[in-house]
Each structure stands twice: as structure tokens, then as C-alpha cells.
Ligand SMILES: C[S@@+](CC[C@H](N)C(=O)[O-])C[C@H]1O[C@@H](n2cnc3c(N)ncnc32)[C@H](O)[C@@H]1O
């Protein structure tokens with residue numbers, strides 16, 4: 001992760017309020033609400049302030065959460081502590097994380113794959129597939145080339161105000177339509193969504209182009 005991106009995320013997470021809010025993507029909660037998750041092993045990659053980790057820990061998962069931003073991980077640990085939740089938060093780059101094979105029942109990669117450089121993205125995706133237990137679930141979401149940040153990245157100067165996220169400068173790659181699925185060829189797709197939506201959860205109200213994937217490792221692995 002670039003130092004400038006670490007500094008940007010440290011800065012946004014320094015705000016005592018949760019920068020990204022506590023709301024989770026609907027496809028995630030629709031899938032996991034009302035399931036018994038007790039004792040499941042969960043990994044949250046690029047956890048930030050940890051909204052997905054906190055949900056999983058509240059639902060009695062054993063959560064490991066990693067992020068390159070020290071401020072994000074420290075904030076997550078404090079929130080977990082205040083709420084009496086046990087989360088193993090680690091401040092490190094995903095590149096340095098050792099993924100054990102067939103280890104996790106749930107892996108969350110919420111807007112991190114699009115923050116990874118070209119040489120790292122496919123490698124981490126392969127490690128995610130291997131690290132899931134047979135039957136395990138991946139939830140991944142990314143921003144797509146329909147995101148206003150992509151247009152800005154490509155020199156657009158005529159975007160209406162308040163269309164681009166404050167952290168758009170930290171994006172390494174906007175996904176093409178259908179591209180997210182291609183990173184996980186061994187997984188069975190349980191749900192896939194692409195669309196552009198308004199987002200008032202952080203910074204100035206803006207828009208995002210989303211691709212969201214829920215996928216399962218087949219049991220025969
Ligand atoms: C858009 S935020 C999403 C945070 C969280 N997943 C959420 O949905 O609230 C992206 C996060 O990925 C982290 N990140 C980006 N690249 C990373 C890397 N190579 N290793 C670890 N964390 C990284 C950033 O520090 C940031 O907290």
C-alpha cells in the first residue's frame with residue numbers, strides 16, 4: 001500500500017465518528033442475517049474501522065481483521081473493546097498476510113481489491129480462494145468503471161460537484177463490468193450485483209459504481 005494512501009486513510013479514520021458509518025451492504029446482511037455464525041472463522045481484509053468485523057464478531061464469529069491503516073485498526077480495536085467483542089486486529093499490508101489454506105468460513109474483502117496494484121490483485125484473489133474452507137463464503141465488493149471517480153481519473157473536468165468520493169485518490173483500479181467474477185473462477189456465485197448508487201455515508205454526498213459478489217467455495221474442494 002502506498003504511503004500516501006496510508007496517510008490519507010489514517011487522516012479520515014482520525015475522526016472520532018465512523019467515517020464509513022456502520023451500515024453494511026444489503027446483499028451482505030440479507031445473506032448473513034438469521035444464520036447461525038457462532039464459532040465461524042472470519043477474515044476481514046482491508047477492514048478499515050471494522051464495520052463488517054464488528055457485525056461478524058457480534059454474531060459470534062472468530063474474527064481476524066487486517067488493514068494497512070494503523071488508525072483504522074486502532075479504532076476497530078477500541079470499538080470492539082468498548083462493545084465487549086473479541087477481534088484480532090492487525091495493522092499490516094494484505095501482501096504480507098500469510099493466508100492459511102482452508103482456514104476461513106467467511107472472508108470479507110469490502111472495497112480493498114480495487115485498492116490493490118495490478119500485480120497484487122490476482123495473487124490476493126487466488127489466496128482468498130485457497131484460504132476459504134470448502135463451503136466457505138466470500139463477500140467482495142469493488143468500485144467499477146461506472147464510478148464518477150473513474151471518470152475523474154481519466155481526466156474528466158466537467159463532473160457535477162459532489163459526485164466523487166473523498167478517497168477516490170487512493171483507488172488503484174476500477175473494475176470493468178463482470179471483471180470481479182473472473183478473479184474467483186473456483187467459487188460458485190451465490191449473488192452478483194452491479195449498479196451506480198448515491199452514497200451519503202461518508203464525506204460529501206457522492207456516487208459509487210458498485211460490483212458486489214457473494215460466492216461460495218464448493219464442498220468438494
Ligand atoms: C474504502 S476502505 C474500506 C474499509 C472497510 N472495508 C469498509 O468497508 O468499511 C479501504 C480500506 O482498505 C485498506 N487497504 C487498502 N490497501 C490495502 C493493503 N494493500 N493492505 C491492507 N489494507 C489496505 C485501506 O487502509 C482502507 O482502510
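The values are calculated or read from the model by the stated rules, or taken from the named source; none is laboratory data. What you are looking at is a predicted structure, and each value in this text was computed from that prediction instead of being measured. FYI the Cβ positions are ideal-geometry reconstructions off the backbone, even for glycines, and counts take in every protein chain you see.
Test each condition in (1) crowded, with 22+ Cβ neighbours inside 10 Å; (2) within 16 Å of the ligand (Cβ to nearest atom) for residue 124 and report the one that comes out false.
Failed condition: (1).
Within segment 1-54, can you find the residues that are under 16 Å from residue 69 (Cα atoms), within 9 Å of the ligand (Cβ to nearest atom) and in a loop (DSSP other than H, G, I, E, B)?
Across segment 1-54, the qualifying residues are 1, 2, 18, 19, 20, 46, 47, 48, 49, 50.
Looking at segment 127-162, which of its residues are in a loop (DSSP other than H, G, I, E, B), touching a strand residue (DSSP E or B) at 6+ places or on another chain (Cβ under 8 Å) and over 20 Å from residue 194 (Cβ atoms)?
162
Does segment 48-56 include one or more residues that are surrounded by fewer than 18 Cβ atoms within 10 Å (Cβ to Cβ) and either under 24 Å from residue 19 (Cα atoms) or in contact with a strand residue (DSSP E or B) (Cβ under 7 Å, 6 or more places away or on another chain) (or both)?
Looking for residues that are surrounded by fewer than 18 Cβ atoms within 10 Å (Cβ to Cβ) and either under 24 Å from residue 19 (Cα atoms) or in contact with a strand residue (DSSP E or B) (Cβ under 7 Å, 6 or more places away or on another chain) (or both), one finds none in segment 48-56, hence no.
Inside segment 180-221, can you point out the residues that are free of Cβ contacts under 8 Å to residues at least 60 places away in the same chain and either crowded, with 19+ Cβ neighbours inside 10 Å or under 16 Å from residue 129 (Cα atoms) (or both)?
Listed by number, the residues that qualify are 181, 182, 184, 185, 186, 187, 188, 189, 206.
In segment 66-88, which residue that is within 12 Å of the ligand (Cβ to nearest atom) and part of a strand (DSSP E or B) is surrounded by the most Cβ atoms within 10 Å (Cβ to Cβ)?
67
Just the residues that are assigned to a loop (DSSP other than H, G, I, E, B) and modelled with pLDDT of 90 or more, please, taken from segment 173-218.
Of segment 173-218, the ones assigned to a loop (DSSP other than H, G, I, E, B) are 173-174, 176-178, 183-187, 200-205, 217-218.
Once the filter is applied, which keeps residues that are assigned to a loop (DSSP other than H, G, I, E, B) and modelled with pLDDT of 90 or more, segment 173-218 yields 173, 174, 176, 177, 178, 183, 184, 185, 186, 187, 217, 218.
In segment 111-121, which residues are touching a residue at least 60 places away in the same chain (Cβ under 8 Å) and near the ligand (Cβ under 8 Å from one of its atoms)? Explain how you work it out, then say what you get.
Initial filter on segment 111-121 (touching a residue at least 60 places away in the same chain (Cβ under 8 Å)): 111-115, 121.
Within segment 111-121, 111, 112, 115 meet the criteria.
Restricting attention to segment 1-32, report how many residues are surrounded by fewer than 18 Cβ atoms within 10 Å (Cβ to Cβ) and over 15 Å from the mean Cα position of the chain (by Cα).
Here the count works out to 14.
Residues in segment 94-108 that are part of a loop (DSSP other than H, G, I, E, B) and exposed (fewer than 14 other Cβ atoms within 10 Å of the Cβ): how many?
Number of matching residues: 4.
Any idea which of 108, 94 is near the ligand (Cβ under 10 Å from one of its atoms), closer than 12 Å to residue 127 by Cα and either touching a residue at least 40 places away in the same chain (Cβ under 8 Å) or touching a helix residue (DSSP H, G or I) at 6+ places or on another chain (Cβ under 6 Å) (or both)?
94
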